[in-house]
Amino acid sequence: MTATRRAATLPVAFFDRDAATVARELLGAMLVSTAGGERTAGRIVETEAYLGYDDPASHGYRDRRNERNAALFGPPGTWYVYLSYGVHWCANLVCEAEGRASAVLLRALEPREGRETMRRRRGRTDDRHLCSGPGKLCQALGITWALDGAAMSDSPVVVLPDATAPVFSVAATPRIGITKAADWALRFVVAESGYLSGGRAGRRDGGTAVG
């Protein structure tokens with residue numbers, strides 16, 4: 001019997017760069033989960049960069065370490081998963097060198113595989129809202145704190161390059177849902193997407209096209 005080869009994930013070197021660059025270049029990639037033994041996947045259409053030590057909105061601001069954010073200070077390509085407002089899991093990928101506390105928050109996906117599983121987990125039937133927010137995408141893909149601290153390439157949730165992704169425009173907007181450094185344009189979206197957490201960038205979010 002021939003073993004099925006796992007598709008190559010994005011390499012560690014991809015994440016060993018500044019978070020803004022990684023956040024922008026993650027757009028169009030595929031997030032694939034086998035959590036819970038069920039395969040779900042979506043194309044990344046929205047991300048946010050958090051810059052670590054000098055970023056007041058970052059959990060690593062001024063090197064503030066604790067038991068809950070330990071994974072954020074790990075090596076590039078590590079998952080950092082935290083609970084937002086005690087309700088929703090949020091999934092981040094660590095960037096730059098170990099100890100920098102720089103990361104990218106995955107904010108929204110375009111559902112591509114396993115929609116029935118996503119609908120069951122989310123209790124919804126509208127594809128537009130299955131993964132249109134960081135908590136929603138974690139629920140749809142079965143992401144929990146169990147992923148925290150894992151190396152992405154060896155985990156049940158991986159990021160794969162997608163050569164079939166259509167050509168798209170990228171817009172940069174201020175980050176949303178935060179109060180500190182809220183005007184920093186570190187939210188990156190596929191401008192044409194109808195699956196964003198805040199609607200289309202050009203219609204509601206005031207995005208600036210960057211490519």
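The values are calculated or read from the model by the stated rules, or taken from the named source; none is laboratory data. Everything quoted here is computed from the prediction, not taken from an experiment. Every residue, glycine among them, receives a Cβ derived from its backbone with ideal geometry; neighbour counts consider all protein chains shown.
Looking across segment 100-116, the residues that are more than 24 Å from Glu192 (Cβ to Cβ) and either of a type outside the set (Ser, Thr, Tyr) or surrounded by fewer than 20 Cβ atoms within 10 Å (Cβ to Cβ) (or both) come down to Arg100, Ala101, Ala103, Glu116. Could you grab me the full set of residues in segment 93-116 that are farther than 13 Å from Ala20 by Cα and part of a strand (DSSP E or B)? Across segment 93-116, the qualifying residues are Arg107, Ala108, Leu109, Glu110, Pro111, Arg112, Glu113.
Of all residues in segment 126-136, those satisfying the criterion of being part of a loop (DSSP other than H, G, I, E, B) and either within 12 Å of the chain's Cα centre (by Cα) or at pLDDT 95 or above (or both) are Leu130, Cys131, Ser132, Gly133. One residue stands out in segment 78-96 among those that are small (Gly, Ala, Ser) and on the phi < 0 side of the Ramachandran plot: the one that is surrounded by the most Cβ atoms within 10 Å (Cβ to Cβ), namely Ala91.
Scan segment 114-125 and give yes if some residue there is at pLDDT below 95 and either on the phi < 0 side of the Ramachandran plot or in contact with a Cys (Cβ under 7 Å, 6 or more places away or on another chain) (or both), otherwise no. Yes, the conditions are met somewhere in segment 114-125.
Looking only at segment 137-186, which residues are within 21 Å of Arg43 (Cα to Cα), β-branched (Val, Ile, Thr) and either surrounded by fewer than 16 Cβ atoms within 10 Å (Cβ to Cβ) or more than 15 Å from the chain's Cα centre (by Cα) (or both)? Hits for segment 137-186 are Thr144, Thr164, Val167, Val170, Thr173, Ile176. Say whether the condition of being part of a helix (DSSP H, G or I), at pLDDT 95 or above and surrounded by fewer than 24 Cβ atoms within 10 Å (Cβ to Cβ) is met by at least one residue in segment 38-45. For segment 38-45, residues part of a helix (DSSP H, G or I), at pLDDT 95 or above and surrounded by fewer than 24 Cβ atoms within 10 Å (Cβ to Cβ): absent. Mind checking which residues of segment 91-113 are hydrophobic (A, V, I, L, M, F, W, C), farther than 20 Å from Thr34 by Cβ and under 17 Å from the mean Cα position of the chain (by Cα)? Residues satisfying the conditions are Val94, Cys95, Ala101, Ala103, Val104, Leu105, Ala108.
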